[in-house]
Amino acid sequence: MQENISFSLWCDFIERDFLENDFLKMIQDGIINGATSNPAIFQQVLLSPSYQAQKDSLQGKDKKEIYETIAKSDIQRAAELLKPLYENNPNDGYISIEVDPNLCESAKETIEEGKRLFEDIGYPNVMIKIPATKAGFTAMEELIAHGISVNATLVFNKAQVKGCMEAFSKGYESLKANDKRELKDFPRAVVSVFVSRFDRKCDSILKEKGIPTATLGIKNAQYLYHILNSYAIPCVRILFASTGTKDPEMDPAYYIKELYHPYAINTAPLKSINAFNLNEAEESYLPSIEELEEFLKTIKEAGINLDAISQELLQQGLEDFKKSFALILESL
């Protein structure tokens with residue numbers, strides 16, 4: 001983390017052997033300040049031989065129970081390794097675990113599962129990851145009010161940011177009314193704004209219109225950064241997610257460098273983290289909200305309906321996570 005602008009780099013990957021080796025070294029070297037996980041990550045890593053013995057020992061149990069037991073083991077270990085960072089600075093040192101994506105339309109079930117996961121894992125530096133849907137906003141408010149840190153995920157537009165921030169605001173008000181802890185001991189929240197998916201979706205159209213490619217995701221994220229910060233809730237930060245690059249011609253650290261802003265978090269895949277030189281990083285240019293609104297107006301005039309595309313990307317993200325979750329259960 002760069003102390004001058006309070007930027008944090010989190011790792012968007014966990015795996016059992018990795019945790020004990022490169023992950024620990026990256027923490028010790030001051031490269032990363034936290035980590036995230038999701039169903040797609042667990043789907044990939046559960047195929048690793050390092051999980052086979054635990055999978056064998058759990059045979060006969062319900063498949064979701066097997067998955068949760070294995071996932072909670074990794075989350076607990078990541079939380080343990082990150083806890084010194086959290087104790088030094090409660091804005092950092094977190095690991096996220098996502099609720100079952102099939103619960104995304106049920107606030108009640110999301111709340112119940114979020115509370116259960118948090119209590120089972122037993123570390124204060126765990127964030128419960130919840131998709132930014134209507135039901136998700138209700139769950140976010142309740143978990144914050146219950147003293148549980150939250151990662152609002154699959155955020156693409158202004159309406160979602162506002163829904164998250166209003167939920168967090170109400171949750172903190174409820175917490176303050178019933179909890180006499182100091183602000184530094186309150187749960188934290190992050191709003192995970194997805195970046196590169198906009199570019200992969202829209203770059204071919206922008207190229208035809210003569211608009212620079214690989215810019216829409218960044219400009220939209222910067223616009224939402226302004227919206228989020230206008231709420232001035234001290235325990236909530238923006239987290240730039242989906243910041244890996246698929247184009248082999250692009251700098252793998254492109255989305256980290258372009259979104260190197262004060263009090264922001266970037267959760268990136270290993271390839272991007274390894275390509276990023278923290279010591280040479282410079283604060284990136286942040287356009288004013290007026291400049292960004294002008295750019296988004298140009299995008300609209302080019303025939304791109306951002307509201308429709310963000311809704312499409314949200315639904316696609318939910319479906320992808322549900323599919324990954326189903327594949328996890330099938331493999332156990």
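The values are calculated or read from the model by the stated rules, or taken from the named source; none is laboratory data. Not measured: the values here are computed from a predicted model. Reconstructed Cβ throughout: ideal geometry from the backbone, glycine too, with neighbour counts over all protein chains shown. Heads up: the accessible areas ignore ligands, DNA and RNA and are worked out on the full protein's heavy atoms, side chains in. Shrake-Rupley method; radii C 1.70, N 1.55, O 1.52, S 1.80 Å.
Say we look at region 134-148 and pick out the residues that are touching a strand residue (DSSP E or B) at 6+ places or on another chain (Cβ under 8 Å) and either over 19 Å from residue 177 (Cβ atoms) or at pLDDT below 95 (or both); which of these is surrounded by the most Cβ atoms within 10 Å (Cβ to Cβ)? Among those residues, the one meeting the criterion is 139. Under 30 Å from residue 282 (Cβ atoms) and of a type in the set (Lys, Arg), is that true of residue 25? Answer is yes for this residue. Within region 60-100, track down each residue that is more than 25 Å from residue 6 (Cβ to Cβ) and either in a loop (DSSP other than H, G, I, E, B) or in contact with a Pro (Cβ under 8 Å, 6 or more places away or on another chain) (or both). Scanning region 60-100 gives 60, 61, 62, 98, 99, 100.
When region 150-162 is filtered for residues that are under 16 Å from the mean Cα position of the chain (by Cα) and surrounded by fewer than 23 Cβ atoms within 10 Å (Cβ to Cβ), only 157 remains.
The residues of region 271-290 that are open to solvent by less than 90 Å² (accessible area, probe 1.4 Å) and in a helix (DSSP H, G or I), listed by number, are 272, 273, 275, 278, 289. Checked against (1) in a loop (DSSP other than H, G, I, E, B); (2) open to solvent by less than 50 Å² (accessible area, probe 1.4 Å); (3) under 30 Å from residue 185 (Cβ atoms), residue 245 passes all but condition (3).
For region 261-270, the condition holds for no residue, the condition being that it is open to solvent by 40 Å² or more (accessible area, probe 1.4 Å), part of a helix (DSSP H, G or I), over 20 Å from residue 27 (Cα atoms) and in contact with a Phe, Trp or Tyr (Cβ under 7 Å, 6 or more places away or on another chain). Of the numbered criteria (1) open to solvent by less than 70 Å² (accessible area, probe 1.4 Å); (2) part of a loop (DSSP other than H, G, I, E, B), the one residue 40 fails is (2). Going by the structure shown, is residue 232 surrounded by fewer than 17 Cβ atoms within 10 Å (Cβ to Cβ) and in a loop (DSSP other than H, G, I, E, B)? So residue 232 fits the description; yes. Looking for something touching a residue at least 40 places away in the same chain (Cβ under 8 Å), open to solvent by less than 50 Å² (accessible area, probe 1.4 Å), in contact with a Leu (Cβ under 6 Å, 6 or more places away or on another chain) and outside any helix (DSSP H, G or I) - is there at least one such residue anywhere in region 197-210? For region 197-210, residues touching a residue at least 40 places away in the same chain (Cβ under 8 Å), open to solvent by less than 50 Å² (accessible area, probe 1.4 Å), in contact with a Leu (Cβ under 6 Å, 6 or more places away or on another chain) and outside any helix (DSSP H, G or I): absent.
Selection of first residues in region 274-285 that are on the phi < 0 side of the Ramachandran plot and of second residues that are surrounded by 14 or more Cβ atoms within 10 Å (Cβ to Cβ) and in a loop (DSSP other than H, G, I, E, B), restricted to Cβ pairs under 6 Å at least 6 apart or on distinct chains, gives the following pairs, ordered by first then second residue: 275/252; 275/253; 276/253; 281/260; 283/5; 283/260; 284/260.
Only one of the numbered conditions (1) under 28 Å from residue 38 (Cα atoms); (2) open to solvent by 60 Å² or more (accessible area, probe 1.4 Å) is not met by residue 215, and that is (2).
Is it true that residue 305 is closer than 21 Å to residue 11 by Cα, out of contact with any His (no Cβ under 7 Å at 6 or more places or on another chain) and of a type in the set (S, T, N, Q)? Considered against the rule, which asks whether it is closer than 21 Å to residue 11 by Cα, out of contact with any His (no Cβ under 7 Å at 6 or more places or on another chain) and of a type in the set (S, T, N, Q), residue 305 comes out as no. Checking each residue in region 291-319 for being assigned to a loop (DSSP other than H, G, I, E, B) and of a type outside the set (A, V, I, L, M) picks out 303, 305.
Residues of region 112-122 that are in a helix (DSSP H, G or I), open to solvent by 10 Å² or more (accessible area, probe 1.4 Å) and either in contact with a Phe, Trp or Tyr (Cβ under 9 Å, 6 or more places away or on another chain) or not acidic (Asp, Glu) (or both): 115, 116, 118. Scanning region 123-179 for residues that are within 22 Å of residue 314 (Cβ to Cβ) and in a loop (DSSP other than H, G, I, E, B) returns 132, 133, 156, 157.
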